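Right, I'll just put the structure down here and ask away after.
The values are calculated or read from the model by the stated rules, or taken from the named source; none is laboratory data. Since the model is a prediction, treat every value here as computed from it, not as a measurement. Cβ placement follows ideal geometry from the backbone for every residue including glycine, while neighbour counts extend to all protein chains displayed. Note: accessible area is taken over every heavy atom of the protein model, side chains too, but ligands, DNA and RNA are not part of it. Shrake-Rupley method; radii C 1.70, N 1.55, O 1.52, S 1.80 Å.
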Amino acid sequence: MEGSARGNGEVVTLARELVRAARAAAGTPLPEDVAIAARLHLLDAIGVGLAAAGSPIGAAYRAYAAEVAKGGPATVFGQASGASAADAAMINGGLIHSLEFDDTHIGSIAHGSAVLTAGALAVAEAQKASGAALLGAYARGWEVLIRFGLAAPNGFHAKGFMSTSVTGTLAVALLAAQLMRLDEDRTLAAIGIALSQASGVMEFLTNGSSVKSLHPGWAAHGGVVAAMLARAGMTGPETSLDGRHGLFRQFTGDEGAAGRFRALIGGLGREWHLPKAAYKFYPCCHYLHPFIEAAGQLAERGVRANDVEHIVCRVPQGEAAVICEPWETKQAPATGHAARWSLPIAVAARLVEGKVDLATFETTASGAVREFARRVAWEPLAQARFPERFEAEVVCKTRAGTQTVRIDDVFGNHTRPPGAEAVLTKFRANAARSLKRDAITALERAAQDLGAARELKALSAALRA
């Protein structure tokens, strides 16, 4: 068994160190700036989930929910009836990620809110937890998820796994165990059980299939089930993180990742990363956002689609496999949804149609957008700082000459924060796809009052309105 030795001769595995650090952190209230960030990210994620529930892309989840949401303690977005915590977590996590509109912590490439909002809300409702307990579990879940990603930068993705779905299963197991008030050994078991359910492969990129949205939903489901099984007495491997077939070796092949994770968890409860998580303002892959912004800046300079002869997008190498390859497919994706990972279509849509929004990806790209996409090429961006920043450089040749636009980091990240009102405006527009104005107002108020709420009735009622 691997682990670190203590002065008394006890060998403590990395998973047990994590559990102890997380339990110690849970004993202190959230700092005010972290609580503010947690409320805003939680509300943003709920809004995105509600938008998906009221959009064509949510049809599969609505149909599935009609079969399983027939009564239960946990809310299902877009449904008046509740469901079991595990079912609600899966559906809500899937909905939140369906539109590619949910937040990202850039350095760890973690879509935290999709998996953590779904898991924390479902378990908190089932356990009749307080608003502070929900918010605390959600925020601390973020901190663990981010540290998993920072320990192996781009390591999961390089092996063909989505880090959010793999590590999210374990993070939700940990926060669910906290909300269920499991002891140290059963929390440790929950993490071990979660490892056996962790997955989420990147093969969806071959055709832009909608199963990608299931990754955080299934992770949330798996984490909830893992905690429930641990509570019932099932055991799991104590070496789930640093063992021969543990998380880091099996999913990243990085021998140094476990050691880096050990160093990172020492700061749990003292060093907070959640306030640095980035909001999205376009419903597509986050890697595309700086390129859309660059295209927007060209438009603001007076560049018109008909004047463009050729565009070259300089792309950080770590992003190319997702938004550039194979290029011929990216220039003519089969569906609107597949275009959410298409660099040439995103740039073309911004210049041809003047915007990129939810409607952009609800139908197949127009002939004009596809024609423009054939004028777009890409090449590697030298000295890119991926994944610490999502950069872009666009070189545009027109009849009048050549212009270059460089974006040093994506808008919405902590280096370029959007401000609370921009996030709330996004939330209100998204929520309007499923809820009426009064319910949206009540939901926003309930989220803002979570820290003082002794129960979640106001939040649940607004969601089910």
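Can you confirm whether the stretch 364-382 contains a residue that is over 25 Å from Val308 (Cβ atoms), in contact (Cβ under 8 Å) with a residue 40 or more places away in the chain, assigned to a loop (DSSP other than H, G, I, E, B) and of a type in the set (A, V, I, L, M)?
no
Collect the residues in the stretch 17-36 that are farther than 21 Å from Tyr279 by Cα and assigned to a loop (DSSP other than H, G, I, E, B), keeping them in residue-number order.
Result: Ala26, Gly27, Thr28, Pro29.
State which residue is most open to solvent (accessible area, probe 1.4 Å) when the search covers only the stretch 30-64 and only residues that are farther than 21 Å from Asp357 by Cα and of a type in the set (D, E, K, R).
Once the filter is applied, the top-ranked residue is Glu32.
Please go through the stretch 116-136 and pick out each residue that is farther than 11 Å from Leu175 by Cα and either free of Cβ contacts under 8 Å to residues at least 60 places away in the same chain or touching a Gly at 6+ places or on another chain (Cβ under 7 Å) (or both).
Within the stretch 116-136, Ala118, Ala126, Gln127, Gly131, Ala132 meet the criteria.
Which one of these is assigned to a helix (DSSP H, G or I) and either out of contact with any strand residue (DSSP E or B) (no Cβ under 6 Å at 6 or more places or on another chain) or among the acidic types (Asp, Glu) (or both): Met228, Met234?
Of the residues listed, the single one that is assigned to a helix (DSSP H, G or I) and either out of contact with any strand residue (DSSP E or B) (no Cβ under 6 Å at 6 or more places or on another chain) or among the acidic types (Asp, Glu) (or both) is Met228.
Filter the stretch 383-403 for residues that are in a strand (DSSP E or B) and out of contact with any helix residue (DSSP H, G or I) (no Cβ under 9 Å at 6 or more places or on another chain); which is farthest from Ala152 (Cα to Cα)?
Gly401
Within the bounds of the stretch 207-224, is there any residue that is farther than 26 Å from Gly94 by Cα, outside any helix (DSSP H, G or I) and open to solvent by 10 Å² or more (accessible area, probe 1.4 Å)?
Within the stretch 207-224, not a single residue is farther than 26 Å from Gly94 by Cα, outside any helix (DSSP H, G or I) and open to solvent by 10 Å² or more (accessible area, probe 1.4 Å).
Name the pairs whose Cβ atoms lie under 8 Å apart, with the first residue in the stretch 446-465 and open to solvent by 40 Å² or more (accessible area, probe 1.4 Å), the second charged (D, E, K, R) and not in a loop (DSSP other than H, G, I, E, B), and 6 or more positions between them or separate chains?
Gln448/Arg39; Gly451/Arg39; Ala458/Arg445; Ala465/Asp438
Moving to a separate point now. Within the stretch 106-144, work out how many residues are open to solvent by 10 Å² or more (accessible area, probe 1.4 Å) and either of a type in the set (Gly, Ala, Ser) or touching a strand residue (DSSP E or B) at 6+ places or on another chain (Cβ under 7 Å) (or both).
Total meeting the criteria: 8.
Hey, among the residues in the stretch 225-256 that are of a type in the set (Asp, Glu) and in contact (Cβ under 8 Å) with a residue 40 or more places away in the chain, which one's farthest from Val322 (Cα to Cα)?
For the stretch 225-256, the residue satisfying everything is Glu238.
Here is a yes/no grid of residues against (1) open to solvent by less than 70 Å² (accessible area, probe 1.4 Å); (2) farther than 20 Å from Gly318 by Cβ:
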site	(1), (2)
Arg350	yes, yes
Val356	yes, yes
Thr360	yes, yes
Arg370	yes, yes
Trp378	yes, no
Ala382	no, no
Val405	yes, yes
Asp409	yes, no
Ala420	yes, yes
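Only one of (1) on the phi < 0 side of the Ramachandran plot; (2) surrounded by 15 or more Cβ atoms within 10 Å (Cβ to Cβ); (3) of a type outside the set (Val, Ile, Thr) fails for Gly269. Which number is that?
All conditions are met except number (1).
Considering the stretch 154-190 alone, what residues qualify as being open to solvent by 10 Å² or more (accessible area, probe 1.4 Å) and either outside any helix (DSSP H, G or I) or in contact with a Cys (Cβ under 6 Å, 6 or more places away or on another chain) (or both)?
Matches in the stretch 154-190: Asn154, Lys159, Gly160, Phe161, Arg181, Leu182, Asp183.
Quick check on the stretch 41-64. Is at least one of its residues within 14 Å of the chain's Cα centre (by Cα) and more than 18 Å from Arg464 (Cα to Cα)?
Within the stretch 41-64, one or more residues are within 14 Å of the chain's Cα centre (by Cα) and more than 18 Å from Arg464 (Cα to Cα).
For (1) under 24 Å from Ala137 (Cα atoms); (2) out of contact with any helix residue (DSSP H, G or I) (no Cβ under 8 Å at 6 or more places or on another chain), each residue gets a yes or a no:
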site: Glu421; (1), (2): no, yes
site: Leu424; (1), (2): yes, no
site: Arg428; (1), (2): no, no
site: Ala446; (1), (2): yes, no
site: Asp449; (1), (2): yes, no
site: Ala452; (1), (2): yes, no
site: Arg464; (1), (2): yes, yes
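I would also like to ask the following. Pairs under 7 Å by beta carbon, first residue under 16 Å from Tyr64 (Cα atoms) in the stretch 202-224, partner open to solvent by 50 Å² or more (accessible area, probe 1.4 Å) and assigned to a helix (DSSP H, G or I), six or more apart or different chains?
Between residues of the stretch 202-224 that are under 16 Å from Tyr64 (Cα atoms) and residues that are open to solvent by 50 Å² or more (accessible area, probe 1.4 Å) and assigned to a helix (DSSP H, G or I), the close pairs are Ser210/Ala60.
Still on this structure, please answer the following. Could you grab me the full set of residues in the stretch 304-317 that are of a type outside the set (Asp, Glu), touching a strand residue (DSSP E or B) at 6+ places or on another chain (Cβ under 9 Å) and open to solvent by 10 Å² or more (accessible area, probe 1.4 Å)?
If the condition is that a residue be of a type outside the set (Asp, Glu), touching a strand residue (DSSP E or B) at 6+ places or on another chain (Cβ under 9 Å) and open to solvent by 10 Å² or more (accessible area, probe 1.4 Å), then Arg304, His310, Val312, Arg314, Gln317 are the ones that fit.
While we're looking at this one, here's another question. Check Tyr287, Tyr282 and return the single one that is within 23 Å of the chain's Cα centre (by Cα), aromatic (Phe, Trp, Tyr) and open to solvent by 20 Å² or more (accessible area, probe 1.4 Å).
Tyr282
Continuing with this model, one more query. Go through the stretch 422-445 and count every residue that is polar (S, T, N, Q) and open to solvent by 60 Å² or more (accessible area, probe 1.4 Å).
Here the count works out to 2.
If Arg416 passes every condition in (1) within 12 Å of Asp44 (Cα to Cα); (2) under 20 Å from the mean Cα position of the chain (by Cα) but one, which one does it miss?
(1)
Still on this structure, I have one more. Filter the stretch 37-77 down to residues that are of a type in the set (A, V, I, L, M) and assigned to a loop (DSSP other than H, G, I, E, B) and give me whichever is nearest to Leu214 (Cα to Cα).
Result: Val76.
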